[in-house]
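These notes concern the structure reproduced below.
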Amino acid sequence: MLRVVLNDAPREIDEGATILDALRRAGIHVPHLCHDDRLEPVGACRLCVVEVDGAGRPVAACTTPLADGMVVRTHTPALEAERRTLLRLLAERYPPGAGDNAFLREIRAYGLEGALAGRPRPELVDDAHPYIRVDMSRCIHCYRCERICNDVQGQFTWRVWDRGAETRIVPDSGTTLRESSCVSCGACADSCPSGALVDRSTLALGPATRWTRTTCPYCGVGCEMHVGTRDGRLVAVRPVLDAPVNEGHLCSKGRYAFGFVDAADRVTAPLVREDGTWRTVSWDDAVRHVAARLQEIVARHGPDAVGVLGSARATNEENYVAQKLARIVLGTNNVDCCARVCHAPSAAALGAMLGTGAATNSFADIERARTILVCGSNTTACHPVVGARIKQAARRGAKLVVIDARRIELADYADVHLAPRPGTDLMLFNAMAHVVLAEGLVDEAFVAERVDGLDAFRDFVGAWTPERVAPECGVAADDIRRAARLYATERPAMSVHGLGLTEHVHGTDTVMALVNLALLTGNLGRPGAGINPLRGQNNVQGAAHMGCEPRNLTGMVPIDEGRARFEQVWRASIPATRGLDLMEMMEAARAGRLRALWAIGYDVLLTNPEAERTRAALAALELLVVQDLFPNETARALAHVFLPAAASFEKDGTFMNGERRIQRVRRALDPPGGARPDWEILCDVARAMGRGDGFGFGSAEGIWNEVRAVWPAGAGIGYARLEQAGLQWPCPGEDHRGTEVLHRHEFAHGRRATLRCLEPRVSSELPSDEYPFVLITGRDLHQFNAATMTGRTANAALRPRDVLEVSVADGERLGVRDGEPVRVESRHGVAVLPVALSERVPAGALFTTFHTAEAFVNRLTGAGLDAATHTPEYKRTAVRIRRETPPGRPRAR
Amino acid sequence: MGSVRESADVASFYHLRGASLEGRACAGTACFVARFLDPERWRDAASRAPRVYCLGKCYVAPSVAEDRRRAGVHAVAPRPVVLERLVDASVRTLGAYEALGGYRALECALGRAPAAVVDEVERSRLRGRGGAGFPTGRKLRAVASASAAVKHVVANADEGDPGAYVDRFLLEDDPHALLEGLALAAYAVGATQGYVYLRREYPDALPILERAIAEARSAGVFGPKMLGRGPAFDVEVVVGLGSYVCGEETALLNSIEGRRPFVRSRPPYPSASGLHGRPTLVQNVETLVNLPWIVRHGGAAYAAMGYSRSRGTKVVSLSSLFRRPGLYEVELGTPVRRIVEELGGGLATGVIKGVLVGGPLAGVLPPRHFDAPLAFEELAALGASVGHGGVVAFDEHTSVRELVHHVFSFAAYESCGRCTPCRLGARSVEDMVAPGRPPGNATRFEEIVSALRATSLCGHGTGLGEFAQSVLRHYREELAACFVSS
């Protein structure tokens, strides 16, 4: 504790603070324009100078560490005069006129409005970016844009040119921000204190009058954001500065892709399709209709002819209600969610080996790790805020090993980049385990205390030499050794992985092979380590965790294990039949065994593999209810009933992010027209089906309290506590602070975990003479999955279409040009995509996104499924390319 | 040798990137005050882009790059330390340096513990000769006691202060003395890699320095084992691209790293986190050249010379308006009057109005204060500074308004742009007092000067403020005529 005197008042302040920190804690405002808590202070604007007894000159409060005994004065006449001089110097170059920003507020506070005398500089205005307006005539050279771009996002887009009074801040394109390397994270515009960089939405719709703290509706990182509204309209989103997950940062989706909420084709009243045409109906009619049709089908074909798909986009509360409805109202365990098509293998592998099917550590461990292993995850595109944190960790000296078929952006920062052929990660991990054992890099103490099966594993992995797997993986044996050594010796080593590992015929086994590595090297149960699946959607972890899983109840409890407890709370019996997962439901629909499907916030047709077979399955249903914000492809093509739902900005609840953190979702605006929160719709249908007793919830909090009653590890996470900050489960009691790191002293299922001996499985999508390329599908930075939301925002301008990334070598060989449309043919279907020649894709591989119905890329993907979880093999499809226009013939104009 | 390595945006910071010095006239302060001796040359210096501030030929000002005349070198201190070997001579080869006892200090140091070198330097009470006057021994100790696998030593050969040219002569005529000093410093602090950051304006020094390093390497002075018995040490020369602020140590480190050479905020100090985040000792050339002598003769012998808290000797660089311009190594504490009148012989061109000691970004000393001793605290009390030891006298050919315009013009040209007062204040005053402009507002001038002094991020802005403040103090009457009161 430091004893200091601030403006004659004695204070005690924690060590490590700067003078500015101390002043702010004491409620003393000194002007400062270059300071941003997210950045290292640089002392550029000099407005925060204060007098310190014994110092020869005033010192900048932002850069000066507080020291014991300091006597600080902040508003002497001399200091105020200096501030006025500095502000006047800035004002003389700043254009006069209205506006509200931190700089102008200080100008007004010092009565210097009359000094604003800069001339308009139209040549410094850049209007090309869809979200950010640039007017550098308003730049006051605080360098916050450049610093936050470098030191938070790691993008280096803003460049400083020349020096002194001629200093200019310019995008790296040298032209417009739109044409630069900008990833539209909006950090610069968020930090800019002078109106040089402004959100276009603020200019168009006016500044927000109310701010509501909530959680981002996009990926599973779970960034917290402030949602700004004005006259009931969403006008801006800003990052929450003290959020543990995003630490004041967002990406282009979270920050800017909110315009979908008032998109023109938002559905605001329930619709029923009759004779091929949609008819608007009242909610009463819609609910009665759905209830009656479901009852009819259950009566005729039995409860297992009905299925429900919960939604990774919906809240925990809503998913809880959905699975409860399926189980005790409809009477079936046919309930699933889109975790099936992404990280079900991670949950299965981690659950089986360690006892908990979720990330072992926290995003904050990125800063604690000495080595970061990134596997099958294009993190900077798909989990951009985590990607940025990894980039910064690498810049600060953490070792980075990237295992990805493509030379993704993080590979540029990596100490080792292994680019295995798609689907060969399992044997690569076996070879890394071989190296760890062969070179004596095992954490003997950890293994002795906590790991079983070493002898059998040693025998098994003895044959998996780097030299053996190198040709099939397409990776140099020495690189495998280097990666293994870093992971085993530069500890703690943290693994993060994405769907590049899981969406394969041996996805679960691949994650298990990764867990083997962590067990061998003691990289579990400690900060800066662990196995961490990066969850793809805001609440995909929560949807499955709440029980939208055919075999598990809320809390990932197998049905038979939890039956008694749940039946007691629910006062109803849980069906005994084995439930169907999503892929089994599709099969059952085609076979006529499944007759009705209720799909909540899920575009099944666009996103399931083998689109034509998915279409056949859905077309065979007697009742397809789609509950969404928009008429998605599933609804447009095949639904019978459409129930308009509220967006997450329009309701209360909680999401669970990829590091097991429960965070609040808060209603910032009203749903448009008749759109309603999913849980209300579900409860109404339950009531209409005569089961109002278990569904009489009056609020999201009421539902959550029931979740806490059935899920012991979440019992301590009440809404009151969530007002302060999110909490990571397990959090069994109100006085428990949550769990950042799992398995610290023992695993969830006991003291010891067992190594697994895992052989790769054979895929039917291996390249052949007929289909020589391997197609990988995935996501892009600016679009999100089925693009239901992002496609209705200006993000569509940042990424207008799906493109086929072709290696430059293959492009030359095939003679295809950048932008040329080509036919991509697999054994399952055809899609036409424009070529994007890329240095990041290896020869023989192709990459595309699956965002748009225009391309409908899932016409190409096949029937391969992960053996354990039925997760589709999205990451490996054998294809060939046909030129649309034969070479040599000019294209018609 | 390396040049500063950076991307195009960082390169745009430096005004001499790609520019040739061929035929360039110098725009430095000594040339400015002597401009009437060759008005045409001065017009060229002041109007051509990029401007070249100080080629280190102040003794023949106004100068051009091609002028290869040497300055007179005089060792007038009781025991010369820095210039002894250079009086009417140069010591460019290893053989010549060794013949004069060169590298014997290093030999002797390697036989003792590194801490013994630090102790000796502390005993000498040597202070940095680059301007700030920070105790060298304390800096050495800080780096020596930092625990790190890799440390660096850097010779700051960016003698940017217009008016000083001692480092140029040391670099060109006694390179091994610098290298031995650097090696001693490296041994003392436990560094194995040394750098010399050489300013672009001293092109003749580069081949000489490179040759000296090559000689030292092939003779085994440097290499995996210094002198065959010590720890490893090697030196790399990094050439600047034109920027005065790179003489500030943290800007210099950023420049070597290829970053924009803004000053870094401190703490952390370079002694804890310097080049590439490693503990780093940065010392200027003259400071390092003192080290071999101190090791050989003992710190006490060095400290025996000097005055008050300013011990040892200092080389002053006298500019062309003196009757006897040149380099003079004097004992610290020597009265300025002795330097100006006795050693320099007074002015040949007219009545002396004042001297700028230690560069333009320090105070002006008027004749009534010439009895002040050349010493850190004593000059600071008068608003002036020892600085780099440049002594530029000006006479009635130069009005105070012209002097203020020259100095603010220099400072604005060289401002890095990081902090508000220097970026905008320097330019504002430059514009206010530009030739032909109507008189500016006196209050505004004083406000900006005050903000420069009180709020600037580094010595560039505060030094500029101190200069203007000393002008306000000593030449208020003449200055007042340039302004209207509000």
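The values are calculated or read from the model by the stated rules, or taken from the named source; none is laboratory data. Every value quoted in this text rests on a predicted model; they were computed, and no experiment measured them. Every residue, glycine as well, gets a Cβ built from its backbone with ideal geometry; the counts of neighbours run over all protein chains shown.
Might you let me know whether the range B:75-97 holds any residue that is surrounded by fewer than 20 Cβ atoms within 10 Å (Cβ to Cβ), small (G, A, S), in the same structural domain as B:R259 (by TED's automatic domain parsing) and assigned to a helix (DSSP H, G or I)? Checked the range B:75-97: at least one residue is surrounded by fewer than 20 Cβ atoms within 10 Å (Cβ to Cβ), small (G, A, S), in the same structural domain as B:R259 (by TED's automatic domain parsing) and assigned to a helix (DSSP H, G or I). For the range A:848-855, the count of residues that are in a strand (DSSP E or B) and of a type in the set (D, E) is zero. Applying the criterion of being without any contact (Cβ under 8 Å) to a residue 60 or more places away in the chain and not charged (D, E, K, R) to the residues of the range A:255-284, the residue that is nearest to A:E650 (Cα to Cα) is A:A264.
Is it the case, given these coordinates, that B:R123 is surrounded by fewer than 19 Cβ atoms within 10 Å (Cβ to Cβ), basic (K, R), in the same structural domain as B:L252 (by TED's automatic domain parsing) and closer than 24 Å to B:L241 by Cα? Steps first, please.
Values: surrounded by fewer than 19 Cβ atoms within 10 Å (Cβ to Cβ): yes; basic (K, R): yes; in the same structural domain as B:L252 (by TED's automatic domain parsing): yes; closer than 24 Å to B:L241 by Cα: no.
So B:R123 does not fit the description; no.
The residues listed here are B:V153, B:V117; of these, the one that is part of a strand (DSSP E or B), in contact (Cβ under 8 Å) with a residue 40 or more places away in the chain and either within 30 Å of B:G383 (Cα to Cα) or in the same structural domain as B:N254 (by TED's automatic domain parsing) (or both) is B:V153. Evaluate the following for B:C31: is it closer than 30 Å to B:Y195 by Cα and more than 14 Å from every other protein chain (Cβ to nearest Cβ)? The answer is no for B:C31.
Counting only residues that are more than 9 Å from every other protein chain (Cβ to nearest Cβ), assigned to a helix (DSSP H, G or I) and surrounded by fewer than 23 Cβ atoms within 10 Å (Cβ to Cβ), the range A:148-169 holds 2 of them. Taking residues in the range B:207-226 that are assigned by TED's automatic domain parsing to the domain that holds B:G181, and partners anywhere that are in a helix (DSSP H, G or I) and basic (K, R), the pairs with Cβ atoms closer than 9 Å and at least 6 places apart or on different chains are B:G223/B:R217. Evaluate the range B:236-248: report whether one residue or more is buried (at least 24 other Cβ atoms within 10 Å of the Cβ), within 14 Å of chain A (Cβ to nearest Cβ) and farther than 17 Å from B:R17 by Cβ. Yes, the range B:236-248 contains a residue that is buried (at least 24 other Cβ atoms within 10 Å of the Cβ), within 14 Å of chain A (Cβ to nearest Cβ) and farther than 17 Å from B:R17 by Cβ. Scoring A:V72 on the criteria (1) under 45 Å from the mean Cα position of the chain (by Cα); (2) more than 12 Å from every other protein chain (Cβ to nearest Cβ); (3) loosely packed, with under 14 Cβ neighbours inside 10 Å; (4) closer than 24 Å to B:R264 by Cβ leaves a single failure, condition (3). Going through (1) within 13 Å of chain B (Cβ to nearest Cβ); (2) surrounded by fewer than 20 Cβ atoms within 10 Å (Cβ to Cβ); (3) closer than 16 Å to A:E123 by Cα one by one, A:T175 falls short only on (1). When the residues of the range A:523-538 are narrowed to those that are crowded, with 24+ Cβ neighbours inside 10 Å and touching a helix residue (DSSP H, G or I) at 6+ places or on another chain (Cβ under 6 Å), which ends up nearest to A:R450 (Cα to Cα)? Per the criteria, the residue is A:L524.
Among the candidates A:A81, A:A26, the residue that is at pLDDT 95 or above, farther than 21 Å from B:C458 by Cβ, surrounded by fewer than 18 Cβ atoms within 10 Å (Cβ to Cβ) and within 12 Å of chain B (Cβ to nearest Cβ) is uniquely A:A81. Residues in the range A:100-148 that are of a type in the set (S, T, Y) and in contact with a Ser or Thr (Cβ under 7 Å, 6 or more places away or on another chain): how many? The total comes to 1. The condition of being closer than 25 Å to B:S243 by Cα, in a helix (DSSP H, G or I) and away from chain A (no Cβ under 14 Å) holds for only one of B:V386, B:V392, B:V429, B:V404, that being B:V404. For the range A:1-50, filtering for residues that are in a loop (DSSP other than H, G, I, E, B), over 19 Å from A:L104 (Cα atoms) and among the acidic types (D, E) leaves 5. Among the residues making up the range B:273-301, those that are among the small types (G, A, S) and either surrounded by 23 or more Cβ atoms within 10 Å (Cβ to Cβ) or more than 13 Å from chain A (Cβ to nearest Cβ) (or both) are B:G274, B:G298, B:G299, B:A300, B:A301. In the range A:84-127, the qualifying residues are those that are of a type in the set (D, E), assigned to a helix (DSSP H, G or I) and out of contact with any Leu (no Cβ under 8 Å at 6 or more places or on another chain), and the one that is surrounded by the fewest Cβ atoms within 10 Å (Cβ to Cβ) is A:E123. Evaluation of A:Q724 against the conditions (1) in the same structural domain as A:V569 (by TED's automatic domain parsing); (2) crowded, with 19+ Cβ neighbours inside 10 Å shows that the sole unmet condition is (2).
Checking the structure you have, find out if any residue of the range A:381-395 is within 21 Å of the chain's Cα centre (by Cα), assigned to a loop (DSSP other than H, G, I, E, B), in contact (Cβ under 8 Å) with a residue 60 or more places away in the chain and in the same structural domain as A:T508 (by TED's automatic domain parsing). Yes, the range A:381-395 has at least one match. Looking across the range B:432-454, just one residue is outside any helix (DSSP H, G or I) and among the basic types (K, R), and that is B:R437.
Take the conditions among the β-branched types (V, I, T) and closer than 26 Å to A:A635 by Cα and apply them to A:V803. Does it pass? When the stated conditions are applied, A:V803 passes them. Screening the candidates A:C182, A:C188 for the property of being more than 13 Å from chain B (Cβ to nearest Cβ), under 24 Å from the mean Cα position of the chain (by Cα) and in a loop (DSSP other than H, G, I, E, B) yields one hit, A:C182. For the range A:57-69, the tally of residues that are part of a loop (DSSP other than H, G, I, E, B) and within 8 Å of chain B (Cβ to nearest Cβ) stands at 3.
From the residues in the range A:29-56 that are surrounded by 22 or more Cβ atoms within 10 Å (Cβ to Cβ) and under 33 Å from the mean Cα position of the chain (by Cα), which one is farthest from the other protein chains (Cβ to nearest Cβ)? If we take residues in the range A:29-56 being surrounded by 22 or more Cβ atoms within 10 Å (Cβ to Cβ) and under 33 Å from the mean Cα position of the chain (by Cα), then A:D36 is farthest from the other protein chains (Cβ to nearest Cβ).
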